[in-house]
Amino acid sequence: MTLDPIDQCTFYYTNEYLRTNGGFNWSTRIAAFKFPSCVSAAGLWGTVTGTITSSETNAPIPGVTVSLSNGYAGAANLSGVYTIIVPAGTYTATAADASRNCTASSPASAVVSPPGGGTVNQNFTMTGTSKLEANGFTIDDSLGNNNGIVNRAECVRVNLGVKNNGCAKETAISATLTTTTPGVTVVDGNSTYPDMVIDGSSANATPFKISVASSFGCGTGIALSLNLTYASGTKSIPFTVPTCAGGPNQTIPTSQLTTSDSTQADRIGRDSRPSTCGGKASPGGGFPGTHYYKTFTFTNTSGAPNCYTVTINAALGGPGTSKASPTTRRTIRR
């Protein structure tokens, strides 16, 4: 619920409701009411408005807040225009936006006297510095498996977006890329960015390139630091690039089958359940009727169902003679 800022009498209320017929048919209702005894203040209020521009480029600057000495305030829209509706009177107006690095305005302050039912105009021009910030990223793994995800044993091109959310244009922007993530190496770490006007954005002129080791732990975010040098200073901007699912490799402990291990009567099927054919011998003779086995457990750390490849490098020997290849690979969905 909110009160009409102009007449100071009308209450507006909005909410969501579900109709009694049908399903998932949510609707919105807006209601307005006022008490008959309330006298409208519309004729007692005035408007302060104006445009906020850059002293450097004369372009509008959105987001700058103009505040009046009575506590009322308004922020500039995308066209740089602000509007404040206040009781008629005389106030001091100031413009500022510390989050944009707008450090000063011209005029520094202004006296405004909006008449009841009328409008007064007051423009401000802002000065300050640039503010370069992260603005998304894209990857290109066409040098690898080209699935759009950073994987192990892959070289990946990276483009890092930067936007100037400040109060002045920035020029002569160069960049170096570094990382602290184990298993990741920056191969091509130097690039440049074009000059950026206020609210301008761009990606690096030439792609950065990183190399991911085969031992890299999938699921680890790659921490990148974009180190910028430009005409008015330096800055380091952090980026985190997500990677393949699955988690790091897990090692099956080195061990050997012995006659003290668990046994399974009859042949074991590929789904680890005994054959329904009682007494079915192992292929090739060997040790029919008794199979020795070990159980190993691994954990799915990817946060979602995934296929894992289990590689068993088995040395021949043990209580019986293996007829399988000494290297066996199985893909298991967990």
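The values are calculated or read from the model by the stated rules, or taken from the named source; none is laboratory data. Every value quoted in this text rests on a predicted model; they were computed, and no experiment measured them. Note that each Cβ is placed from the backbone with ideal geometry, even for glycine, and that neighbours are counted across all protein chains shown. Surface accessibility is based on the protein's heavy atoms, side chains included, excluding ligands, DNA and RNA. Shrake-Rupley method; radii C 1.70, N 1.55, O 1.52, S 1.80 Å.
Numbers below:
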| read-out | value |
| --- | --- |
| Leading residue by the ranking (surrounded by the fewest Cβ atoms within 10 Å (Cβ to Cβ)) among those in the stretch 235-278 that are modelled with pLDDT under 80 and under 22 Å from GLY219 (Cα atoms) | THR251 |
| Some residue of the stretch 161-170 being open to solvent by 50 Å² or more (accessible area, probe 1.4 Å) and outside any loop (DSSP other than H, G, I, E, B) | yes |
| Residue within the stretch 55-71 that is closer than 30 Å to PRO207 by Cβ and touching a helix residue (DSSP H, G or I) at 6+ places or on another chain (Cβ under 9 Å) present | no |
| First in the stretch 211-225 and under 15 Å from ASN249 (Cα atoms) and in a loop (DSSP other than H, G, I, E, B), second anywhere and among the polar types (S, T, N, Q) and open to solvent by 40 Å² or more (accessible area, probe 1.4 Å), Cβ under 8 Å, 6 or more apart | ALA213/THR185; SER215/ASN249; GLY217/ASN249; GLY219/THR301 |
| Residue that is least open to solvent (accessible area, probe 1.4 Å) [pool: residues in the stretch 171-191 that are over 18 Å from PRO242 (Cβ atoms) and assigned to a loop (DSSP other than H, G, I, E, B)] | GLY189 |
| Residue match in the stretch 2-15 (condition: within 35 Å of the chain's Cα centre (by Cα), over 13 Å from ASN123 (Cα atoms) and open to solvent by less than 60 Å² (accessible area, probe 1.4 Å)) | no |
| Of the criteria (1) touching a Gly at 6+ places or on another chain (Cβ under 9 Å); (2) at pLDDT 90 or above; (3) farther than 30 Å from ASN164 by Cβ, which one LEU44 fails | (2) |
| The stretch 109-133, residues that are in a strand (DSSP E or B) and open to solvent by 50 Å² or more (accessible area, probe 1.4 Å) | VAL111, THR119, ASN121, THR127, GLU133 |
| Answer residue from the stretch 58-68, given it is closer than 10 Å to MET126 by Cα and not aliphatic (A, V, I, L, M) and is surrounded by the most Cβ atoms within 10 Å (Cβ to Cβ) among those | PRO60 |
| Among the residues listed as GLY22, GLY71, GLY43, the single one being surrounded by fewer than 13 Cβ atoms within 10 Å (Cβ to Cβ), more than 40 Å from the chain's Cα centre (by Cα) and not aromatic (Phe, Trp, Tyr) | GLY43 |
| Residue in the stretch 209-224 that is modelled with pLDDT of 95 or more, open to solvent by less than 30 Å² (accessible area, probe 1.4 Å), in contact with a Ser or Thr (Cβ under 9 Å, 6 or more places away or on another chain) and over 30 Å from THR299 (Cβ atoms) present | no |
| Boolean, SER202 is more than 21 Å from the chain's Cα centre (by Cα) and either in contact (Cβ under 8 Å) with a residue 40 or more places away in the chain or surrounded by 14 or more Cβ atoms within 10 Å (Cβ to Cβ) (or both) | no |
| Failed condition for ILE85, given (1) among the β-branched types (Val, Ile, Thr); (2) closer than 21 Å to ASP4 by Cα; (3) within 32 Å of the chain's Cα centre (by Cα) | (3) |
| So ALA73, is it over 22 Å from ASN164 (Cα atoms) and in contact with a Leu (Cβ under 6 Å, 6 or more places away or on another chain) | no |
| Scan of the stretch 78-108 for residues that are polar (S, T, N, Q) and surrounded by 14 or more Cβ atoms within 10 Å (Cβ to Cβ), ordered by number | THR83, THR94, ASN101, THR103, SER105 |
| Breaking point among (1) open to solvent by less than 60 Å² (accessible area, probe 1.4 Å); (2) among the aliphatic types (A, V, I, L, M); (3) free of Cβ contacts under 8 Å to residues at least 40 places away in the same chain; (4) within 23 Å of LYS131 (Cα to Cα), for ALA31 | (4) |
